[in-house]
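Enquirer: The structure under discussion is supplied below as structure tokens; questions concerning it will follow.
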């Protein structure tokens, strides 16, 4: 598997400098289209046959899978021989969405993993998922099919709380308290089955002190998602239930849209049914060429 494209840098709100003027994302000069991964290097014919058989089994299971927002199909790749697994990973390639989840200690003990790394393949809705020990050893190696592996939402929820603890108002803080009240109320409504909610800070009069207060009050949760398209979208879970920072950057890494979203997982990171159906057809064609 290719190295997951999430750099080890400071994450979360406050780690990026906001430019004073509003910076709009440049209109793309071309529309990206699907490009199959390059063919893996020539390998032992037995390895190719075994890899193709594993992918054909995944396709057969996927064809019988009823793609739904809450559904997830899981295939264990941990038993594949190393050479076959390497060929399968090269054949599947890497897509635009990746995530790192560092579960809370209790969840980590239950899972037997200190970190979960998730990489979308070149076929959206097909995800490679590694459960890792603290020393980097692999506990589980999975191919998961669905809108997003469940552990992202589960870990964020397990580490969250139902409200925001009140904080003394620091100098320069003006609009953070009512924003926190709004987001906390939206979180409570969502937990009770209500609709999601988005607060757009790009359109609000917030001071640096307001943003610092929001970051400290909400905290940083265990899940980080990076979606790379035109520029990048960085999504970070908070410690408030179902509340996520969603930050968009243009191709020059300037922050152009900064929001708080109340959702199970922000929609921008999720694969859709159309993605899944297109991936089924493309993957079937791709597997046919692996000879």
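Enquirer: Which numbered condition in (1) surrounded by fewer than 14 Cβ atoms within 10 Å (Cβ to Cβ); (2) assigned to a helix (DSSP H, G or I) is the only one that residue 194 fails?
Expert: For residue 194, the exception is condition (2).
Enquirer: Condition test on residue 172, is it assigned by TED's automatic domain parsing to the domain that holds residue 257, on the phi > 0 side of the Ramachandran plot and not in a strand (DSSP E or B)? Lay out the reasoning, then the answer.
Expert: Details: assigned by TED's automatic domain parsing to the domain that holds residue 257: yes; on the phi > 0 side of the Ramachandran plot: yes; not in a strand (DSSP E or B): yes.
Taking the combined requirement at face value, the residue satisfies it.
Enquirer: Looking at residue 256, is it out of contact with any helix residue (DSSP H, G or I) (no Cβ under 6 Å at 6 or more places or on another chain) and outside the structural domain of residue 87 (by TED's automatic domain parsing)? Lay out the reasoning, then the answer.
Expert: Details: out of contact with any helix residue (DSSP H, G or I) (no Cβ under 6 Å at 6 or more places or on another chain): yes; outside the structural domain of residue 87 (by TED's automatic domain parsing): yes.
Yes; evaluated as a whole, the condition is true for this residue.
Enquirer: A follow-up question, please. Among the residues of segment 129-168, write down those that are in contact (Cβ under 8 Å) with a residue 40 or more places away in the chain, assigned to a loop (DSSP other than H, G, I, E, B) and exposed (fewer than 15 other Cβ atoms within 10 Å of the Cβ).
Expert: Passing the criteria: 162, 163, 165, 167.
Enquirer: Residue 213 versus (1) over 21 Å from residue 195 (Cβ atoms); (2) at pLDDT below 95; (3) in contact with a helix residue (DSSP H, G or I) (Cβ under 6 Å, 6 or more places away or on another chain); (4) in a strand (DSSP E or B): which is the lone unmet condition?
Expert: Of the numbered conditions (1) over 21 Å from residue 195 (Cβ atoms); (2) at pLDDT below 95; (3) in contact with a helix residue (DSSP H, G or I) (Cβ under 6 Å, 6 or more places away or on another chain); (4) in a strand (DSSP E or B), the odd one out for residue 213 is (4).
Enquirer: While we're here: Specify the residue that is nearest to residue 162 (Cα to Cα); the eligible residues are those in segment 197-219 that are touching a strand residue (DSSP E or B) at 6+ places or on another chain (Cβ under 6 Å) and buried (at least 16 other Cβ atoms within 10 Å of the Cβ).
Expert: Here is the first cut: in segment 197-219, the residues touching a strand residue (DSSP E or B) at 6+ places or on another chain (Cβ under 6 Å) are 197-202, 218.
Still in the list and also buried (at least 16 other Cβ atoms within 10 Å of the Cβ): 197, 199, 201, 218.
On the way: 197: 16, 199: 18, 201: 22, 218: 11 Å.
Per the criteria, the residue is 218.
Enquirer: I want to confirm something. Restricting to segment 230-253 and keeping residues that are modelled with pLDDT of 95 or more and not in a strand (DSSP E or B), which single residue is nearest to residue 267 (Cα to Cα)?
Expert: Only one residue fits best here, namely 242.
Enquirer: If you take the residues of segment 38-75 that are surrounded by 14 or more Cβ atoms within 10 Å (Cβ to Cβ) and modelled with pLDDT under 85, which of them is farthest from residue 252 (Cα to Cα)?
Expert: Across segment 38-75, the extreme among qualifying residues is 43.
Residue-by-condition table, conditions (1) crowded, with 23+ Cβ neighbours inside 10 Å; (2) assigned by TED's automatic domain parsing to the domain that holds residue 61; (3) closer than 19 Å to residue 58 by Cβ:
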position: 93; (1), (2), (3): no, yes, yes
position: 100; (1), (2), (3): no, yes, no
position: 108; (1), (2), (3): no, yes, no
position: 118; (1), (2), (3): yes, yes, yes
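Enquirer: Looking at this structure, is residue 227 in contact with a helix residue (DSSP H, G or I) (Cβ under 6 Å, 6 or more places away or on another chain), buried (at least 16 other Cβ atoms within 10 Å of the Cβ) and either at pLDDT below 95 or outside any strand (DSSP E or B) (or both)?
Expert: On the way: in contact with a helix residue (DSSP H, G or I) (Cβ under 6 Å, 6 or more places away or on another chain): yes; buried (at least 16 other Cβ atoms within 10 Å of the Cβ): yes; either at pLDDT below 95 or outside any strand (DSSP E or B) (or both): yes.
Considered against the rule, which asks whether it is in contact with a helix residue (DSSP H, G or I) (Cβ under 6 Å, 6 or more places away or on another chain), buried (at least 16 other Cβ atoms within 10 Å of the Cβ) and either at pLDDT below 95 or outside any strand (DSSP E or B) (or both), residue 227 comes out as yes.
The values are calculated or read from the model by the stated rules, or taken from the named source; none is laboratory data. Note that the coordinates shown come from a computational prediction; the quantities given were computed from them, not determined experimentally. Cβ: placed from backbone, ideal geometry, glycine included. Neighbour counts: every protein chain shown.
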